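Working notes for the structure below.
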Amino acid sequence: MANSVAAAARPSRTAVVATAAVSLGLLAFAADSVAGIVGQLLIALTSSGFAWGLAAVLVGRSAATARRAAVDATMLLVLATLLYYLLVLMVSRRWSGGHLEDGTSADLLGLRSVAIMTAAWLAAAIVAGPMLGMLGYVVKVGKLSTSALAAGGLCGLLSGDGWQALVLAPPWRLLAVTDPDQAQFFRGVLAGQVVKIVLPIVVLAWLATAHRLWRAWPMLLTAAVSCGALSAALWYVVYAAAGSI
């Protein structure tokens, strides 16, 4: 009887995932309003491919089955995306801009942009969610070689956003800016880049230690490098497509 009461008192996994999704969406939205270096760091920690990808990985790693890992990770990303853009639409209203010079309503263009970005990131969540959730689950339950490949692949995938940013905006260019206001902004950008590269490596070290994967370090390294390059290329395509909208 005591066990059944305790089980009933515990929140369901769906409720836990939904709560995590709400927290992720709220934190990402709040980070957008913070300026300077602190703002760039907060964006890297709460509103980046690393942050959202890591959340999906952790949900998958904590699942009891492979199916549950894929479903929960996808649900997390979808709900967080919907909440984030709902807040953009209803609270910040960044899409609202009056009228253009030719008389066209900028609001309509803004709403169109929000709708396109929402659809694009929902599609990304549906594609990436199952993959990240499954990889997180495989790290926990797989054999040594399989877990090592999954952990290394996760490190590469989570760091791709940072690597592509580092290639497009190398540190020496960012640090060469002399204008005080611009220099502060670009230092924040550089700090965010470093965070999005270093933290995935920290996550890899944690997974490798927790699951005793260091014996398969060649697999860890190979998977991390190859998936990092692939992820960086994909992020470049994503940002290029977003910039053309």
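The values are calculated or read from the model by the stated rules, or taken from the named source; none is laboratory data. Remember, it's a predicted structure, so these values are computed and weren't measured experimentally. Every residue, glycine among them, receives a Cβ derived from its backbone with ideal geometry; neighbour counts consider all protein chains shown. In case anyone asks, the SASA skips ligands and DNA or RNA and just uses the protein heavy atoms, side chains included. Shrake-Rupley method; radii C 1.70, N 1.55, O 1.52, S 1.80 Å.
The table below lists the values:
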| item | result |
| --- | --- |
| Search result, residues across the range 111-165 that are assigned to a helix (DSSP H, G or I), of a type in the set (Gly, Ala, Ser) and open to solvent by 10 Å² or more (accessible area, probe 1.4 Å) | SER113, ALA115, ALA119, ALA120, ALA123, ALA124, ALA128, SER145, ALA165 |
| Helices (runs of 4 or more DSSP H) wholly inside the range 25-102 containing at least 1 residues that are among the basic types (Lys, Arg) and at pLDDT 85 or above | 49-61, 66-87 |
| Residue list for the range 196-233, filter: assigned to a loop (DSSP other than H, G, I, E, B) and closer than 18 Å to LEU54 by Cα | HIS211 |
| Sole exception among (1) under 15 Å from the mean Cα position of the chain (by Cα); (2) at pLDDT below 90 for ILE197, by number | (2) |
| Members of the range 169-186 found to be of a type in the set (A, V, I, L, M) and part of a loop (DSSP other than H, G, I, E, B), listed by number | ALA169, ALA176, VAL177 |
| Tabulated pairs, the range 50-71, first without any contact (Cβ under 8 Å) to a residue 40 or more places away in the chain, second crowded, with 24+ Cβ neighbours inside 10 Å and assigned to a helix (DSSP H, G or I), C-beta under 7 angstrom, 6+ apart or interchain | TRP52/LEU77; TRP52/ALA80; ALA55/LEU76 |
| Qualifying residue in the range 234-241 (condition: open to solvent by less than 90 Å² (accessible area, probe 1.4 Å), small (Gly, Ala, Ser) and in a helix (DSSP H, G or I)) | yes |
| Unique residue being touching a Phe, Trp or Tyr at 6+ places or on another chain (Cβ under 9 Å) and aliphatic (A, V, I, L, M) when the list is VAL194, VAL198, VAL177, VAL202 | VAL177 |
